[in-house]
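First up is the structure itself, then whatever we jot down about it.
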Amino acid sequence: MRDIYVKKSVEGYMKKALERKEIEFKSDPDEYVRFEADVSEEEAAILMEDALCEEQRGDSVIPVYSYRVISNPQLLAEYRARNKGMNSYHVLNRDRELVKQLNLDD
């Protein structure tokens, strides 16, 4: 089990990311929320990134994807399928410059 610490404001988004991937977890609310989940360090980082995408998405129907997702066609297809095949997406704010370097055909 790995402890993943997130800001209180990200708690709901982390829960959503864990539930979407069907990962069992326990949480311990405090100023920072500790999630205890049986994941690797790499998976914890991916979950944190997914939670940040969910936070930025807010109530929008348009998903937010990171550079990691957008730069990998197979992964992008998986994420699009999770979002009912929606082709539109926003870029995670912290990854905008990286995504610009991909020179994607819009």
Global form of the chain, assessed from the alpha-carbon gyration tensor, a/c cut-off 1.5:
prolate
Give the relative contact order (percent, whole number) for the chain; include only Cα pairs under 8 Å separated by 6+ residues.
23 percent
In degrees rounded to 10, the 0-90 angle between helix 73-82 Cα long axis and the longest Cα principal axis of the chain is 60 degrees
Excluding near-sequence neighbours (fewer than 8 apart on one chain), the chain holds lysine pairs with C-alpha atoms under 22 Å apart numbering 12
Rounded to the nearest 10 Å², the accessible area of Met86 using a 1.4 Å probe with every protein chain kept is 60 Å²
With angles folded into 0 to 90 degrees, how steeply does helix 11-20 sit against the dominant principal axis of the chain? Use alpha carbons for both and round to 10.
70 degrees
If amide hydrogens are placed 1.01 Å from N in the peptide plane, which non-local residues have theirs closer than 5 Å to the one on Arg2?
Ala37, Asp38, Val39
Determine the order of Asp59, Asp95, Asp3 by accessible area, beginning with the largest, at a probe radius of 1.4 Å.
Asp59, Asp3, Asp95
How much of the accessible area of the chain, probe 1.4 Å, is carbon plus sulfur, in whole percent?
45 percent
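The values are calculated or read from the model by the stated rules, or taken from the named source; none is laboratory data. Quantities reported herein were computed from a predicted structural model and do not represent experimental measurements. Each accessible area value is taken on the protein alone, full model and side chains, heavy atoms only, with ligands, DNA and RNA left out. Shrake-Rupley method; radii C 1.70, N 1.55, O 1.52, S 1.80 Å.
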